[in-house]
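Trainee: After the structure tokens below, expect a handful of questions from me.
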Amino acid sequence: MRLRPEIAALPPYRQGRPAPADGFKLSSNENPFEPLAGVAAAVAAASDFNRYPDATAADLREVLAERHGVSADEVHVGAGSVSILAQLVLATSGPGDEVVYAWRSFEAYPGLVTVSGATSVRVPNRDDHSHDLDAMADAVTDRTRLIIVCSPNNPTGTIVTADDFETFLSRVPSDVLVVLDEAYGEFVTDADAVRGLPLRHPNVVVLRTFSKAYGLAGLRIGYAVGPLAVLDAARATAIPLSVTAPAVAGALASLEAEPELLARVTDIAARRDALFEALVAQGWAVPRPQGNFVWLPTGEATAAVAERLFDAGIVARAFPPEGIRISIGEAESVDELLRILGDIVQNPQEPASK
Ligand SMILES: Cc1ncc(COP(=O)(O)O)c(C=O)c1O
């Protein structure tokens with residue numbers, strides 16, 4: 001079969017290993033809380049699935065538009081924010097074009113760019129694991145069509161500050177699209193962090209998701225807020241009818257139950273901060289986390305440390321030879337994690353004890 005060689009060489013998405021029976025799955029940045037009963041009921045009530053869903057998720061767009069002070073057409077809903085990102089890459093970039101993003105960042109970015117036929121330009125993070133926005137602006141050429149900024153950055157957890165983002169935008173040509181990926185925006189507690197919404201710039205699209213803070217990862221629903229012409233171009237590349245009615249019902253019910261869901265986010269952020277402090281006290285050089293995960297820069301020891309965590313019942317996401325991303329999960333998982341990581345710091349060569 002004559003496949004596109006760059007596609008044939010692209011590894012298919014591989015999901016993290018499932019957790020062992022009495023262990024913890026901390027590898028996908030999921031929300032550890034079970035769905036709220038009211039949200040689950042709203043999803044179950046969307047049962048006329050012999051019918052296609054509303055292709056534009058109009059009800060949800062109306063609610064989101066109202067919250068963010070934009071028109072409903074300046075909101076676009078997709079089957080997960082990653083699918084909207086795929087649409088934006090296709091809408092802006094093709095063979096010969098360049099897409100700039102920080103590296104390491106979200107592992108989906110390289111594949112999306114390759115599929116579009118465009119070229120990835122990866123700009124290494126700074127030593128503190130945060131985006132090097134100056135270098136990213138320097139990397140812009142007349143072939144650049146899209147720049148992705150991820151704050152908080154997956155997997156390093158670092159934020160971009162509002163001031164640095166403004167300075168960066170002032171250096172980016174106004175016809176180059178900047179996507180601000182805020183998949184973890186609700187977990188941010190740093191007052192200096194950029195906040196994409198309300199939207200202020202004509203060449204910026206902000207991506208948000210219901211997968212993380214709102215706990216709807218399995219329903220696949222996210223959204224973008226941005227300029228009408230850009231979102232229309234994204235809509236033109238979308239696979240029609242991918243957003244299901246149960247997903248829309250779940251998102252609407254989650255927005256209604258927001259105070260309860262955001263209280264959970266506060267809990268997760270507090271758990272994260274406590275874990276961070278404890279890891280630093282153990283001697284780990286962890287960058288200050290602002291998502292629902294922490295980054296352990298384990299370098300060459302990455303595979304070995306991840307294996308010891310796994311043997312002790314904790315599945316984390318290893319990125320050898322750089323580091324390990326560990327999601328903030330159930331409260332008990334944090335204690336267990338600290339026990340094992342403390343053991344690893346003190347006995348770097350020993351197998352983990354369960
Ligand atoms: C930075 C970032 N962006 C986007 C996504 C995609 O989220 P979803 O497609 O579930 O909305 C993720 C998921 O892990 C992510 O880490």
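The values are calculated or read from the model by the stated rules, or taken from the named source; none is laboratory data. No experiment lies behind these values; they were computed from the predicted model shown. Positions of Cβ are backbone-derived with ideal geometry, glycine not excepted, and every protein chain shown enters the neighbour counts. Surface accessibility is based on the protein's heavy atoms, side chains included, excluding ligands, DNA and RNA. Shrake-Rupley method; radii C 1.70, N 1.55, O 1.52, S 1.80 Å.
Trainee: Scanning for something closer than 22 Å to ALA238 by Cα and more than 21 Å from the chain's Cα centre (by Cα), does the stretch 120-143 turn up at least one residue?
Mentor: There is no residue in the stretch 120-143 that is closer than 22 Å to ALA238 by Cα and more than 21 Å from the chain's Cα centre (by Cα).
Trainee: Determine, yes or no, whether ARG14 is open to solvent by 30 Å² or more (accessible area, probe 1.4 Å) and either more than 24 Å from LYS212 (Cβ to Cβ) or away from the ligand (no atom under 16 Å from the Cβ) (or both).
Mentor: Working: open to solvent by 30 Å² or more (accessible area, probe 1.4 Å): yes; either more than 24 Å from LYS212 (Cβ to Cβ) or away from the ligand (no atom under 16 Å from the Cβ) (or both): no.
Spelling it out, it is not the case that ARG14 is open to solvent by 30 Å² or more (accessible area, probe 1.4 Å) and either more than 24 Å from LYS212 (Cβ to Cβ) or away from the ligand (no atom under 16 Å from the Cβ) (or both).
Trainee: If you don't mind, there's one more thing I want to ask. Restricting the search to the stretch 62-73, which residues are touching a residue at least 60 places away in the same chain (Cβ under 8 Å) and open to solvent by less than 60 Å² (accessible area, probe 1.4 Å)?
Mentor: Across the stretch 62-73, the qualifying residues are VAL63, LEU64, HIS68, VAL70, SER71.
Trainee: Still on this structure, please answer the following. Looking only at residues that are away from the ligand (no atom under 16 Å from the Cβ) and farther than 17 Å from LEU85 by Cα in the stretch 197-226, which one is most open to solvent (accessible area, probe 1.4 Å)?
Mentor: ARG200
Trainee: Right, PRO35: within 16 Å of the ligand (Cβ to nearest atom), open to solvent by less than 40 Å² (accessible area, probe 1.4 Å) and farther than 14 Å from VAL248 by Cα or not? Steps first, answer last, please.
Mentor: Numbers: within 16 Å of the ligand (Cβ to nearest atom): yes; open to solvent by less than 40 Å² (accessible area, probe 1.4 Å): no; farther than 14 Å from VAL248 by Cα: yes.
So PRO35 fails the test.
Trainee: Working carefully through the options VAL248, VAL305, VAL243, VAL265, find the one that is assigned to a loop (DSSP other than H, G, I, E, B), buried (at least 17 other Cβ atoms within 10 Å of the Cβ) and in contact (Cβ under 8 Å) with a residue 12 or more places away in the chain.
Mentor: On the way: VAL248 fails: assigned to a loop (DSSP other than H, G, I, E, B); VAL305 fails: assigned to a loop (DSSP other than H, G, I, E, B); VAL265 fails: assigned to a loop (DSSP other than H, G, I, E, B).
Of VAL248, VAL305, VAL243, VAL265, the one residue that is assigned to a loop (DSSP other than H, G, I, E, B), buried (at least 17 other Cβ atoms within 10 Å of the Cβ) and in contact (Cβ under 8 Å) with a residue 12 or more places away in the chain is VAL243.
Trainee: Checking the condition among the small types (Gly, Ala, Ser) and in contact with a helix residue (DSSP H, G or I) (Cβ under 9 Å, 6 or more places away or on another chain), which residue from ALA8, ALA40 passes?
Mentor: On the way: ALA8 fails: in contact with a helix residue (DSSP H, G or I) (Cβ under 9 Å, 6 or more places away or on another chain).
On inspection, the qualifying residue turns out to be ALA40.
Trainee: Additional query: Give the residue that is nearest to the ligand (Cβ to nearest atom), with candidates limited to residues of the stretch 126-156 that are open to solvent by less than 20 Å² (accessible area, probe 1.4 Å) and part of a loop (DSSP other than H, G, I, E, B).
Mentor: Step one: filter the stretch 126-156 for residues open to solvent by less than 20 Å² (accessible area, probe 1.4 Å), giving 130-131, 133, 136-137, 144, 146-156.
From what's left, part of a loop (DSSP other than H, G, I, E, B): 130-131, 151-156.
Details: SER130: 14, HIS131: 12, SER151: 9, PRO152: 8, ASN153: 7, ASN154: 4, PRO155: 8, THR156: 11 Å.
Residue satisfying both the conditions and the ranking: ASN154.
Trainee: Say whether the condition of being among the hydroxyl-bearing types (Ser, Thr, Tyr), assigned to a helix (DSSP H, G or I), open to solvent by 70 Å² or more (accessible area, probe 1.4 Å) and over 24 Å from SER27 (Cα atoms) is met by at least one residue in the stretch 172-190.
Mentor: The answer is no; no qualifying residue exists.
Trainee: Next question. Give the residue, chosen from ILE344, ILE340, ILE328, that is closer than 20 Å to ASN31 by Cβ, surrounded by 17 or more Cβ atoms within 10 Å (Cβ to Cβ) and among the aliphatic types (A, V, I, L, M).
Mentor: Numbers: ILE344 fails: closer than 20 Å to ASN31 by Cβ; ILE340 fails: closer than 20 Å to ASN31 by Cβ.
After ruling out the rest, the residue left standing is ILE328.
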